[in-house]
Structure formats: C-alpha cells, structure tokens
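J.: Structure in structure tokens, see below.
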Amino acid sequence: MNPTFEKANPWLDDLVSYIPGKPIEDVARELGLEPSQIVKLASNENPLGPSPMAVKAMQEALLTAHFYPDGGGYHLRIGIAEKFGMGIDNIILGNGSNEIIEFLGHAFLQPGDNIVTAEHAFVVYKILAKLFGAETIGVPDPNLTHDLPAMADAINDRTKIVYIANPNNPTGTMVQENELDRFIDRVPKSVVVALDEAYYEFLPEPPDSFKYVRNHANVIVLRTFSKIQGLAGLRIGYGLAQKELIRLLQKTRQPFNVNSIAQAGALAGLRDEAYQAETREMVRQGRDFLQAEFRKRKLKYVPSVANFVLVNVGNGKEIFQRLLKRGMIVRAMDEYKLPQWIRVTVGTPEQNRRFLADLDRVLTLRFTD
Ligand SMILES: *Cc1c(COP(=O)(O)O)cnc(C)c1O
C-alpha cells in the first residue's frame, strides 16, 4: 500500500459513502437535455421552492456577506426557542441536521462503541458512526416500521446513541407516541436518544416530542430546514435538548459552521407559517393521489406520513435508470437493501402526473422487453 495511506484510520477501508439524489444539472449534461425538461423527485425537497419571505431575507443578507456569520446563531436560535417555548441554551445549529449527527459522533463515539438504529433507517447514522470507528446495530423492522421494544433490547454496554427517525426515511412510517414513551423510559440514562424529526412538519397531528427533551437529559430532537422549509441547498438544521447536552455538542463544532445567508433565510422561513401550511396541504393531496394511483396499478407501496412514498416496482435499479433516461429522477433503494423499491418524493400536481406517465412507460417497456 502507498505509505501515505498505511496509517489512515482502518475503519475507513470499508466505509461506503452516501449516495445522494442525482442533481438536475448532472442528468441534463449526461442526457443532453435542457434542465427545464428534467424533474427531480429524488431528495424529498419542497417542489414549491423556498418561502418568498426566506428569499427576500437571503437577498438582504447577501449585502453583508463580507462579515463572518454570527457563530452563535443568536437571532435564529432565539427565533427557534420562541417558537417552541424553549431557551436559547436548548438549541444548537448545524450545517444541515446531518452535521448534528456528526457532532454526536464527536462527542460520544470511539472505536468499538456502537449505535442502535432500525435496519431500514436513514443511512447517514451508520455512515457517520463508521467515521468514528463505531459499529451499527441495525435492528430488524418488520413492516418497515421501527420495532422499539427490539431496539431497546439491542442496547448493550458499548451503545452510546440510539437513532429514531420519526417519520423515517426512506420508509415513510412512524412510531406512535405511546410506544415512544415506553421506549424512552427503558433506555439507560447513559445512552443518548436522538429523535430525528426531519419530516415532523408534514404530520397533521404531530406528537409532543419536546416533553422527552424536558424530562430526559439524554434526549435530543433533530429538525431541519431542508424539507418543508425548502432550504436544502443552504445546509441548515437544528437540535433541541437540555442545556448540558447542547453545551457539550457546541464544543464539537467549528466556529462558523452555519453561514449567514442560511441563518437569515431560515429565520424568515421559520416565521412563514402560511407557506409551510400550503406545502403540507400540497404534499398531503399529492401523496394521496400517488398512493391511489399505485393501488390502481396494483403496485405495492408503503403508506407514508411524509413527503415521499416507497413503491415496489420489481427491479428498483432498472426502473430508476429507465426513468432517469426520460429525465425523471427518483431514488433506487439498493443502498437500503430494498432492491425492488424506488422512493419518489411528492411533487407538484403536474410533477406527480408526469412521474406516473413516465412510470407507466417504463413499466410497460419492462414487460415487452
Ligand atoms: C433529509 C433528512 C435529514 C436532513 O438532513 P439535512 O442535513 O438537514 O439536510 C435528516 N434526517 C433524515 C431522516 C432525512 O431524511
């Protein structure tokens, strides 16, 4: 081996990087299409774009881009705290909520430790655990829903963090509040419970997850501006926990981890409740529509509470490729060991109809090949 790499951390050898949804520009270049002909329903983004109020705030923030950002994120953290009736000390900002998953690794994981997740949970937990030399215990999730009693049973002496994606990506399922109550009572106080609520705002009647933060020093709730807020490109998310845990995590971050444009856009977006309500309603209708159309076609799907649906198309990778050739970007699920499935983000009504038309074309192709 090249001597430069001989001493690299050995656990990086079999680390498989995250496979993101394909960007529109890449697909346009590869297929020789115009970007405007391509629809991306691959990364659970908001098809309406950012809130106009967020855009305005970001435009204003550009004029002071020569200053370093407020590393403490004062205004945004106050805004979040006020919205949820917490204190500024209960909030940490991340360069996407994914960065807070990394902070948890910095704070708690050493080689030989482990994290507990569901087998088909968001794959970033496992990738980032590996970065710190930690193992992932992926607990079987029958019906593609987290099995919380089994996850509690899986915790051992080397377990540092349990991740619960609620709702989960890519399955679109969630656990109920009473199940979560029982689970959190069972978890040892020395183990951090991270409730990843990236899709929380899409729920019509969201559970009260802040009660866990109030009552348990080992619970952190993760939220993001990437999904309902339509700010995925800015990379900004936040964590809510008791102040001791937040103080610890603050030590692990770089001084200016969240840029000033993102802070401004996020604060304005947070206050634009009407925009979030509009998105939530569009997603609800679009999801009902897609699921009804899947039923008509006798395609198996996992009933979703989020802004995407997992649908069984027989050979996910092949269907993904064929959709891609038509300029329709979705997500193949082999990375999640669900090779028969694709995940499609709920788009605008027009995008959803285009997806179904493309899907019909490529499914027929499959039968006539
Ligand atoms: C999209 C997503 C996130 C958000 O990631 P960001 O880094 O905030 O963009 C977090 N968790 C899950 C389960 C997700 O699907």
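J.: Please verify whether the range 13-28 includes one or more residues that are under 18 Å from the mean Cα position of the chain (by Cα), modelled with pLDDT of 95 or more and of a type in the set (S, T, N, Q).
T.: no
J.: Confirm whether Arg235 is within 16 Å of the ligand (Cβ to nearest atom), touching a strand residue (DSSP E or B) at 6+ places or on another chain (Cβ under 9 Å), open to solvent by 60 Å² or more (accessible area, probe 1.4 Å) and over 17 Å from Ala81 (Cβ atoms).
T.: Details: within 16 Å of the ligand (Cβ to nearest atom): yes; touching a strand residue (DSSP E or B) at 6+ places or on another chain (Cβ under 9 Å): yes; open to solvent by 60 Å² or more (accessible area, probe 1.4 Å): yes; over 17 Å from Ala81 (Cβ atoms): yes.
Here the answer is yes, as Arg235 does meet what is asked.
J.: OK, next. So the check is Cβ under 6 Å with 6+ separation or different chains; which pairs have a first residue in the range 206-231 that's farther than 16 Å from Leu249 by Cβ and a second one that's within 16 Å of the ligand (Cβ to nearest atom) and charged (D, E, K, R)?
T.: Going by the 6 Å Cβ cut-off, the qualifying pairs are Ile228/Glu201.
J.: Got at least one residue in the range 165-182 being closer than 26 Å to Ile342 by Cβ, in a helix (DSSP H, G or I) and in contact with a Pro (Cβ under 7 Å, 6 or more places away or on another chain)?
T.: Initial filter on the range 165-182 (closer than 26 Å to Ile342 by Cβ): 165-175.
From what's left, in a helix (DSSP H, G or I): none.
Taking every residue of the range 165-182 in turn, none turns out to be closer than 26 Å to Ile342 by Cβ, in a helix (DSSP H, G or I) and in contact with a Pro (Cβ under 7 Å, 6 or more places away or on another chain).
J.: Hey, another quick one. Every residue in the range 170-191 that is open to solvent by 10 Å² or more (accessible area, probe 1.4 Å) and either of a type in the set (A, V, I, L, M) or in contact (Cβ under 8 Å) with a residue 12 or more places away in the chain (or both), please.
T.: First, the residues of the range 170-191 that are open to solvent by 10 Å² or more (accessible area, probe 1.4 Å): 173-174, 176-179, 181-182, 185-186, 188-190.
Correct list: Thr173, Met174, Gln176, Glu177, Glu179, Arg182, Arg186, Pro188, Lys189, Ser190.
J.: Give the residues of the range 26-43 that are under 25 Å from Tyr336 (Cβ atoms) and more than 16 Å from the ligand (Cβ to nearest atom), sorted by residue number. It would help to see each step written out before you state the result.
T.: We begin by selecting, within the range 26-43, every residue under 25 Å from Tyr336 (Cβ atoms); these are 26-27, 30, 38-43.
Selection gives Asp26, Val27, Glu30, Ile38, Val39.
J.: Could you run through the range 148-164 and say how many residues are buried (at least 17 other Cβ atoms within 10 Å of the Cβ) and not in a helix (DSSP H, G or I)?
T.: Number of matching residues: 7.
Rundown of residues vs (1) within 17 Å of the chain's Cα centre (by Cα); (2) assigned by TED's automatic domain parsing to the domain that holds Val311; (3) under 21 Å from Ala8 (Cα atoms), yes/no style:
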{"residue": "Gln110", "(1), (2), (3)": "no, no, yes"}
{"residue": "His120", "(1), (2), (3)": "yes, no, no"}
{"residue": "Val124", "(1), (2), (3)": "yes, no, no"}
{"residue": "Phe132", "(1), (2), (3)": "no, no, yes"}
{"residue": "Ile137", "(1), (2), (3)": "no, no, no"}
{"residue": "Asn143", "(1), (2), (3)": "no, no, no"}
{"residue": "Leu148", "(1), (2), (3)": "no, no, no"}
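J.: I would also like to ask the following. Return the pairs, sorted by first residue and then second, in which the second residue is in a helix (DSSP H, G or I) and not acidic (Asp, Glu), the first residue lies in the range 281-294 and is open to solvent by 20 Å² or more (accessible area, probe 1.4 Å), the beta carbons are less than 7 Å apart, and the residues are 6+ apart or on different chains.
T.: Correct list of pairs: Phe289/Asn352; Glu293/Leu356.
J.: Within the range 302-317, how many residues are open to solvent by less than 50 Å² (accessible area, probe 1.4 Å), farther than 20 Å from Glu205 by Cβ, touching a residue at least 40 places away in the same chain (Cβ under 8 Å) and not in a strand (DSSP E or B)?
T.: Result for the range 302-317: 2.
J.: Right, next: Name the one entry in Glu25, Glu82 that is in a helix (DSSP H, G or I) and not assigned by TED's automatic domain parsing to the domain that holds Ile329. Walk me through how you get there before you give the answer.
T.: Working: Glu25 fails: not assigned by TED's automatic domain parsing to the domain that holds Ile329.
Only one candidate qualifies: Glu82.
J.: How about the range 340-354: which of its residues are surrounded by fewer than 23 Cβ atoms within 10 Å (Cβ to Cβ) and in contact with a strand residue (DSSP E or B) (Cβ under 8 Å, 6 or more places away or on another chain)?
T.: Of everything in the range 340-354, those that are surrounded by fewer than 23 Cβ atoms within 10 Å (Cβ to Cβ) and in contact with a strand residue (DSSP E or B) (Cβ under 8 Å, 6 or more places away or on another chain) turn out to be Gln340, Gln351, Arg354.
J.: Working carefully through the options Tyr275, Tyr200, find the one that is buried (at least 21 other Cβ atoms within 10 Å of the Cβ), touching a residue at least 40 places away in the same chain (Cβ under 8 Å) and more than 17 Å from Leu93 (Cα to Cα).
T.: Numbers: Tyr200 fails: touching a residue at least 40 places away in the same chain (Cβ under 8 Å).
After applying the criteria, what remains is Tyr275.
J.: Further question on the same structure: Is there any pair with a first residue in the range 32-61 that is closer than 26 Å to Phe355 by Cα and a second that is open to solvent by 60 Å² or more (accessible area, probe 1.4 Å) whose Cβ atoms are under 6 Å apart and which are 6 or more apart or on different chains, and what are they?
T.: Close Cβ pairs satisfying both conditions: Val39/Arg354.
J.: A further question follows. What about Arg223, is it open to solvent by 30 Å² or more (accessible area, probe 1.4 Å) and in the same structural domain as Gly85 (by TED's automatic domain parsing)?
T.: Numbers: open to solvent by 30 Å² or more (accessible area, probe 1.4 Å): no; in the same structural domain as Gly85 (by TED's automatic domain parsing): yes.
No, not satisfied.
J.: Out of all the residues in the range 61-76, which are assigned to a loop (DSSP other than H, G, I, E, B), open to solvent by 100 Å² or more (accessible area, probe 1.4 Å) and not aliphatic (A, V, I, L, M)?
T.: Residues of the range 61-76 assigned to a loop (DSSP other than H, G, I, E, B): 63-73.
Next, only the ones that are open to solvent by 100 Å² or more (accessible area, probe 1.4 Å) stay: 63, 66-68.
Residues satisfying the conditions are His66, Phe67, Tyr68.
J.: Is it the case that the range 107-117 has a residue that's at pLDDT 95 or above, part of a helix (DSSP H, G or I) and buried (at least 24 other Cβ atoms within 10 Å of the Cβ)?
T.: As a first pass, look at the range 107-117 and keep what is at pLDDT 95 or above: 107-117.
Cutting the leftovers down to part of a helix (DSSP H, G or I) gives us 107-108.
Among the residues that remain, those that are also buried (at least 24 other Cβ atoms within 10 Å of the Cβ) are: none.
There is no residue in the range 107-117 that is at pLDDT 95 or above, part of a helix (DSSP H, G or I) and buried (at least 24 other Cβ atoms within 10 Å of the Cβ).
J.: Looking at Ile101, Ile92 in this structure, which one is part of a helix (DSSP H, G or I), open to solvent by less than 10 Å² (accessible area, probe 1.4 Å) and out of contact with any Cys (no Cβ under 7 Å at 6 or more places or on another chain)? Break it down stepwise before answering.
T.: Working: Ile92 fails: part of a helix (DSSP H, G or I).
Sole residue among the options that is part of a helix (DSSP H, G or I), open to solvent by less than 10 Å² (accessible area, probe 1.4 Å) and out of contact with any Cys (no Cβ under 7 Å at 6 or more places or on another chain): Ile101.
J.: Next question, about the same structure. Considering Arg343, Arg253, which residue is of a type in the set (Lys, Arg) and assigned by TED's automatic domain parsing to the domain that holds Thr224? Steps first, answer last, please.
T.: On the way: Arg343 fails: assigned by TED's automatic domain parsing to the domain that holds Thr224.
Step by step, each of Arg343, Arg253 is checked, and only Arg253 is of a type in the set (Lys, Arg) and assigned by TED's automatic domain parsing to the domain that holds Thr224.
The values are calculated or read from the model by the stated rules, or taken from the named source; none is laboratory data. Values in this document were obtained by computation on a predicted structure and should not be read as measured data. Positions of Cβ are generated from backbone atoms using ideal geometry, with glycine treated the same way; all protein chains shown enter the neighbour counts. Heavy atoms of the whole protein, side chains included, go into the accessibility calculation; ligands, DNA and RNA do not. Shrake-Rupley method; radii C 1.70, N 1.55, O 1.52, S 1.80 Å.
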